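What follows is a set of notes on a single structure, which appears directly below.
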Amino acid sequence: MSALRTSRPARFGQYVALLAYLVFLAFPFLWLISTAFKPAPELASLHPTWIPKDPTLANFRQAFDEQPLLRAAANSLVAAVAAAVIAVAVATPLAYVTARHRGRLASAATGWVVISQAFPFVLVIIPLFLILKNLHLINSVLGLVLVYVVWSLPFALWMLTGYVRAVPAELEEAAAVDGAGRLRTLVSVTAPLLLPGIIATALFAFVTAWNEFFFALVLLKTPEKQTLPVVLTHFLGAEGVADLGPLAAAAFLATLPSLVVFGFLQRRITGGMLAGAVKS
Amino acid sequence: MSSATATKRPGRTRTPRAAHGTRPRGPDFGAWFLVLPALLPILVLSVGPLLYGIALAFTDAQSGRTRATGWVGTLNFQDLLHDTLFWDSFRIGVVWAVGVTVPQFLLALGLALLLNQKLRFRWLARALAIVPWAMPEVVVGIMWRLVYNPDAGILNETIRNLGLGEGRDWLSGLATALPAVILVGVWAGMPQTTVALLAGLQNTPHELHEAAALDGAGAWRRFRTVTWPALRPVALAITALNLIWNFNSFALVYVLTNGGPGGRTRLPMLFAYEEAFRYGQFGYAAAMGCVMIAAVSVLIALSLVRRLKGDQDR
């Protein structure tokens with residue numbers, strides 16, 4: 001940074017711009033939190049304030065009374081954890097092969113990752129709906145997990161391939177020279193170095209599944225099977241008239257898990273995206 | 001932030017030799033063994049349905065009688081050609097995709113450049129930039145409905161406080177609905193774009209910047225001659241992806257307006273979803289999906305052509 005000295009007015013401008021960004025990014029979220037803690041009379045007031053004058057937890061209680069939030073959260077948790085674990089277990093070997101062998105398979109895998117980003121999901125969900133219906137997996141979390149696994153595979157593969165490439169192949173060669181077999185090398189040399197990347201990828205897959213809405217909306221029919229995002233939309237009511245307080249409270253709660261995970265992940269995800277992006 | 005990956009980059013040049021080094025263990029049964037667990041679900045639950053979906057577009061499949069479906073040739077596509085509602089929604093999809101992607105890119109570029117500077121509170125911006133990314137789209141939609149709420153929302157209250165009038169019901173106004181949802185789209189997708197661009201920025205060699213600065217190049221010249229050329233590949237890739245993602249988006253607008261008012265925000269995905277799962281017209285909806293994927297393919301082809309051209313220019 002030494003040669004690049006920024007002039008004082010320019011620095012000032014930068015801080016003004018940064019402040020504008022901070023406000024733009026933060027205000028809807030702050031408003032959500034503010035609404036979640038406001039008692040009903042304040043919500044009905046025509047002059048809403050940023051800070052609740054009389055903060056309350058009543059909205060949270062009411063939210064749990066109105067909709068099966070706990071069960072929805074449990075469904076979401078099961079779907080997201082299962083999807084993340086399976087996706088990573090399945091993607092890691094493939095990522096290893098695509099990273100180490102540059103051949104037709106590797107380019108096919110990369111091509112599929114790119115193409116999968118362009119799917120209009122409606123084209124995929126209709127056949128999936130029919131297939132899962134024949135397997136009696138409509139309105140079942142298992143069916144949803146299957147869909148989530150496949151859906152998160154491309155990105156998992158993308159991230160993991162980057163992480164594999166970051167493990168120096170020399171280490172594996174050295175192990176091979178020392179007489180370790182392929183499996184032995186994989187398990188005792190590569191896997192431990194890969195573990196942080198695997199965890200990051202799994203967490204990312206978890207958040208994606210936790211937040212997913214479209215597939216869950218189509219595949220889960222009854223309230224007791226539905227995941228959190230789908231149940232949240234029930235608060236909106238038929239005519240879009242909503243009970244603002246409980247709606248805000250439930251929405252705020254639904255965000256917390258992914259927010260915590262993402263907080264942990266921030267650096268790793270950027271690293272993973274980078275690794276996938278610049279090295280492919 | 002990315003220093004760990006950046007320093008490992010030289011590893012790339014060694015990989016081909018490494019691949020040789022691990023290979024002489026006989027034919028690659030091992031590789032196939034490793035690949036199958038991923039390949040199988042991909043084929044059964046991704047490639048298969050995609051092809052099946054394309055095939056459905058040529059049938060009259062409906063949700064009630066999926067088994068006895070008849071082949072109808074290109075009938076669905078002919079109907080689609082004359083379906084003005086669909087083309088309205090297609091046009092809205094394009095306006096939405098471009099309307100979100102372009103401002104989003106410019107804002108993200110600005111933020112990425114700022115975050116690449118040594119500014120105080122930049123950690124706060126980085127942390128905040130994660131929030132929209134981590135939120136379920138449904139929550140983002142709900143949150144902005146609270147902001148846009150005509151009476152209890154902060155937007156109208158701010159307008160009233162600034163003496164700019166009474167405010168309005170943004171999401172139900174025929175003229176304001178689409179711009180209002182576009183703003184939400186910009187907000188929701190900005191972080192991802194920022195992170196991608198920031199990653200690209202941190203890969204640009206700092207020495208070049210210093211050299212250019214010593215030569216007396218101003219900020220704008222440095223951006224044009226050093227930063228932008230290095231950033232261009234990432235910028236093009238993320239823009240193409242954003243256009244595709246936005247064109248195919250669903251949840252945000254479903255929660256914000258559900259396509260209303262009067263279809264003014266009915267994105268193609270919302271249209272196809274209703275056709276398939278409200279009216280049960282699977283074949284017709286699949287045809288819509290085909291048209292969408294065709295449109296997106298054109299975009300991919302165009303960006304690939306540009307990229308190839310760019311490679312030649314160099």
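The values are calculated or read from the model by the stated rules, or taken from the named source; none is laboratory data. Computed from a predicted model, the values in this text were never measured in an experiment. When we count neighbours, we look across all protein chains shown, and the Cβ atoms used for this are built from the backbone with ideal geometry, even at glycine. Ligands, DNA and RNA are excluded from the accessible area calculation, which covers all protein heavy atoms including side chains. Shrake-Rupley method; radii C 1.70, N 1.55, O 1.52, S 1.80 Å.
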Determine the residues within the stretch B:206-221 where the difference in accessible area between the chain on its own and the full set of protein chains amounts to at least 30 Å²; count protein heavy atoms only and use a 1.4 Å probe.
-> B:HIS206, B:GLU210
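With a length cut of 30 Å (Cα positions projected on each helix's long axis) and a Kyte-Doolittle mean of at least 1.0, go through chain B and give me the DSSP H helices that pass. Mind dumping the intermediate values first?
Numbers: long enough: B:84-115 (45 Å, 1.61); B:177-202 (38 Å, 1.44); B:282-313 (46 Å, 1.04).
Qualifying helices, which must be both long enough and hydrophobic enough, are B:84-115, B:177-202, B:282-313.
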From the residues B:ALA212, B:GLY141, B:VAL226, which one has its Cα farthest along the dipole of chain B in the positive direction, the dipole being from +1 and -1 charges on Cβ of Lys/Arg and Asp/Glu about the Cα centre?
-> B:ALA212
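Could you list the trypsin sites (Lys or Arg not before Pro) in the stretch A:102-169 that lie in coil according to DSSP, counting only those with at most 16 other Cβ atoms within 10 Å of their Cβ? Numbers along the way, then the final one.
On the way: sites: A:ARG102, A:ARG104, A:LYS133, A:ARG165; in loops: A:ARG102.
Filter output for the stretch A:102-169: A:ARG102.
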Per residue in the stretch B:79-121, which ones lose no less than 20 Å² of accessible surface when going from chain alone to all protein chains (1.4 Å probe)?
-> B:LEU107, B:LEU111, B:LEU114, B:GLN117, B:LYS118, B:LEU119, B:ARG120, B:PHE121
Tell me the label-point distance for the pair B:LEU85, B:ALA237, using the 7 Å Cα-to-Cβ offset, in nm and rounded to one decimal.
-> 4.1
Treating cross-link reach as a plain straight distance, find the aspartates and glutamates whose alpha-carbon is under 17 Å from the alpha-carbon of A:LYS53, omitting any fewer than eight places away in the same chain.
-> A:GLU42, B:GLU157
Within the stretch A:41-115: Cβ-based charge dipole about Cα centre, in debye rounded to nearest 20 (Lys, Arg +1; Asp, Glu -1) = 660
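Over chain A, with every protein chain in place, what whole percent of the accessible area is carbon and sulfur at 1.4 Å, could you tell me? If you can, show how the numbers build up before the last one.
On the way: 8290 of 11860 Å².
It is 70 percent, rounded to a whole number.
Based on alpha-carbon atoms only, what is the radius of gyration of chain B relative to the globular estimate 2.2 N^0.38 Å? Mind dumping the intermediate values first?
On the way: Rg = 24.3 Å, N = 314, 2.2 N^0.38 = 19.6 Å.
In units of the 2.2 N^0.38 Å rule of thumb, it is 1.24.
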Using alpha carbon centers only, the stretch B:130-177 is separated from the stretch A:88-112 by a whole-angstrom value of 44
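FRET efficiency for B:PHE33 and A:TRP50, Cβ-Cβ distance as r, R0 = 41 Å, nearest 0.05?
On the way: r = 59 Å, r/R0 = 1.45.
Once rounded, the FRET efficiency stands at 0.10.
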Send over a whole-number figure in Å² for the accessible area per residue of the stretch B:173-287, probe 1.4 Å.
-> 37
Two decimals is fine: what is log10 I(q)/I(0) at q = 0.10 Å⁻¹ for the protein assembly as shown, from a Debye sum with one equal scatterer on every Cα and no solvent?
-> -0.95
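Rounded if a/c is under 1.5, else prolate if a/b beats b/c, else oblate: with a ≥ b ≥ c from the C-alpha gyration tensor eigenvalues square-rooted, which is the stretch B:56-209? All intermediate terms of the calculation are to be shown ahead of the outcome.
Details: a/c = 2.64, a/b = 1.49, b/c = 1.78.
Judged from the Cα gyration tensor, the stretch B:56-209 comes out oblate (a/c at least 1.5, b/c at or above a/b).
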By how many nm would the segment from A:ALA108 to A:PHE264 grow when fully extended, if each residue of separation counts as 0.36 nm and the alpha-carbon distance is taken off?
-> 52.9 nm
Can you tell me the dipole magnitude for the stretch A:1-78 around its Cα centre, using point charges on the Cβ only (Lys, Arg +1; Asp, Glu -1), in Debye to the nearest 20?
-> 520
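Quick one: pull the percent of accessible area on chain B belonging to carbon and sulfur, 1.4 Å probe, ligands and nucleic acids left out. Intermediate results must be reported in sequence, preceding the final value.
On the way: 9530 of 15100 Å².
Roughly 63 percent of what the probe reaches on chain B is carbon or sulfur.
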Difference of contour (0.36 nm per residue) and Cα-Cα distance, A:ALA180 to A:LEU142 = 9.8 nm
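At a probe of 1.4 Å, how much accessible area disappears from chains A and B on forming the pair, both sides counted, to the nearest 100 Å²? Could you put the intermediate results ahead of the total?
Working: alone 16760 and 19860 Å², together 26960 Å².
So the total buried area for this chain pair works out to about 9700 Å².
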Return the FRET efficiency for the residue pair B:LEU299, B:PHE223: r is the Cβ-Cβ distance, R0 is 35 Å, and the value is rounded to the nearest 0.05.
-> 0.85
Once both labels are modelled 7 Å past Cα along the beta-carbon direction, what's the A:VAL81-A:LEU256 spacing in nm?
-> 1.7
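Is the stretch A:125-232 rounded, prolate or oblate when judged by the Cα gyration tensor, a ≥ b ≥ c being the square roots of its eigenvalues, rounded requiring a/c under 1.5 and prolate requiring a/b larger than b/c? Can you show the working numbers first?
Details: a/c = 3.74, a/b = 2.67, b/c = 1.40.
Because a/c hits 1.5 or more and a/b exceeds b/c, the stretch A:125-232 counts as prolate.
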Please list, in chain and number order, the residues 5+ apart from B:THR59 or on another chain whose amide H is under 5 Å from its amide H, with Hs placed from the backbone.
-> B:VAL72
